[in-house]
Amino acid sequence: MSVFCTTQTALSTWAQNIAPSPTLAVDAKAKALKAAGKDVCGFGAGEPDFDTPAFIKEACAQALANGQTKYTATPGIPPLRAAIAAAYNALGFAVADSQVVVSSGGKMSCYLAILATVSPGDEVIIPAPYWVSYPEMVKLAGGQPHFISTQDDVGFKVTPEQLREAITPKTRLLILNSPSNPTGAVYSRAELQALVDVALSAGLYILSDEIYERLLYDGQESLHPAIFSTAAAGRVITVSGFAKTYSMTGWRLGTLVASREIASAVADLQSQTTSNVTTFAQYGALAVYQKPAEAEAALAGMLAHFDRRRLRLLEGLNAIPGLRCFRSQGAFYLFPNIASFGLSSAEFCARLLEEELVAAVPGSAFGAEGYLRLSYATADATIEKGLERLARFCQKLRA
Ligand SMILES: *Cc1c(COP(=O)(O)O)cnc(C)c1O
């Protein structure tokens with residue numbers, strides 16, 4: 001028998017335990033139906049439907065033409081780290097350039113933050129509904145996710161009491177994501193402050209995933225737990241990026257700001273894995289800071305579209321008998337409650353796609369049964385058509 005032949009699986013425990021991304025799976029199925037000529041209304045996408053602003057693409061093309069094609073310092077090119085630090089300083093963070101790490105996407109920034117703080121056996125508190133990748137990343141670090149469940153009737157927000165009860169001697173990290181993917185919920189300053197206080201008094205680290213920090217509606221303000229106090233500055237790891245704000249999902253550019261100790265650990269982890277982010281992509285991102293007026297104008301343009309679609313989809317959903325939708329105030333998702341129809345969210349989504357060609361992601365993917373995630377980063381016409389089909393589907397279920 002060949003030494004290469006084995007009856008046991010050759011896969012590691014990490015590989016066997018990882019669940020593939022359910023949001024990307026829905027997207028793949030919808031794309032396959034579209035490729036087969038079907039008229040699919042896609043609400044599955046987790047990315048803006050706009051092109052990257054031209055001035056950013058031009059800066060990248062220029063860098064490429066100038067020969068910016070070699071390795072850079074692992075944590076990012078110095079002008080980009082300096083620009084990011086300066087932007088945070090303007091918000092009240094007192095950070096040095098050395099506390100900034102640029103990684104291959106906000107997703108990688110989150111993963112490195114978890115790897116830098118979580119040891120095997122440690123517990124990590126994750127409020128649900130949660131972004132699909134957090135539990136898997138915690139498990140890859142050998143940690144144990146501990147979920148706190150929330151529903152639409154409390155605005156999908158965890159209370160300080162719930163947080164206090166969830167903390168054990170093994171708890172190491174709390175993950176916060178406001179504005180939230182998948183619910184679009186946004187914590188107020190007082191609510192966030194109360195959670196941060198509980199976490200800090202228990203000696204926890206906090207991963208604050210602020211990737212949607214600029215996608216806010218209804219007059220909500222951008223909040224940053226790291227600047228709540230000096231204690232917070234030492235324990236909060238702030239993650240953000242360019243993907244959602246400037247429609248740069250494919251560029252793979254994330255940012256992390258933390259204490260010197262954590263930032264340097266993150267840079268070391270990165271130096272042995274992905275190394276630096278694509279060099280010319282970093283120069284594209286730098287343009288955001290060098291041309292702030294153009295960056296703000298591009299963002300404002302996209303936000304106006306998102307807000308209009310949010311309100312239209314929200315109104316349309318709440319007009320469907322049996323369906324109820326929480327008013328999101330950030331990101332580009334709505335998370336309607338479908339519990340009254342008596343189907344699991346997976347079954348609801350599978351039938352909705354099959355019978356009405358509408359793609360949505362089941363709430364179960366985000367640790368919340370009885371809900372759907374609909375992304376309104378899609379054309380107004382798709383929203384209108386999708387609402388009609390969803391209404392027809394719901395009526396059929398109630399008949
Ligand atoms: C999209 C997203 C990210 C990161 O996206 P990247 O494309 O990796 O920059 C991080 N957190 C949440 C909650 C997201 O939705």
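Observations on the model:
- Separation of the alpha carbons by more than 32 angstrom is noted, of K34/K244; K139/K385; K29/K57; K34/K70; K139/K396; K31/K244, for K139/K385; K34/K70; K139/K396.
- Highest to lowest packing among 10-16, 208-214, scored as the average C-beta count within 10 Å: 208-214, 10-16
- Seen from every direction in turn and averaged, the convex hull around the alpha carbons of the chain projects onto 22.6 nm².
- Centroid-to-centroid separation of segment 91-111 and segment 164-189 [C-alpha atoms, Å]: 19 Å
- Beta bridges per DSSP with both ends in the chain, % antiparallel, nearest 5: 45 percent
- Cut-off 13 Å between beta-carbons: net charge of the residues surrounding I77, Lys and Arg +1, Asp and Glu -1: +1
- Solution diffusion estimate, µm²/s, Stokes-Einstein, segment 163-241, Kirkwood Rh from C-alpha pairs, 4 °C, viscosity 1.567 mPa s: 101 µm²/s
- What separates the Cα centres of segment 202-270 and segment 341-399 is a distance of 32 Å.
- Each of the peptides 358-371, 31-44 was scored by the mean count of other Cβ atoms within 10 Å over its residues; in descending order, highest first, they stand as 358-371, 31-44.
- Segment 235-280: Rg to Rh, with Rh as the Kirkwood radius over Cα pairs: 1.01
- Segment 54-291: projected area of the alpha-carbon convex hull, averaged over directions, in nm²: 12.4 nm²
- Restricting segment 216-303 to chymotrypsin sites (Phe, Trp or Tyr not before Pro) that sit in a DSSP loop and have at most 14 other Cβ atoms within 10 Å of their own Cβ leaves nothing.
- Among 64-72, 258-266, sorting by the average number of other beta carbon atoms lying within 10 angstrom of each residue, highest first, gives 258-266, 64-72.
Quick note: the coordinates plus some simple rules give every number you see, no bench work behind them. Remember, it's a predicted structure, so these values are computed and weren't measured experimentally. Note: ideal-geometry Cβ built from the backbone for every residue, glycine included; neighbour counts use all protein chains shown.
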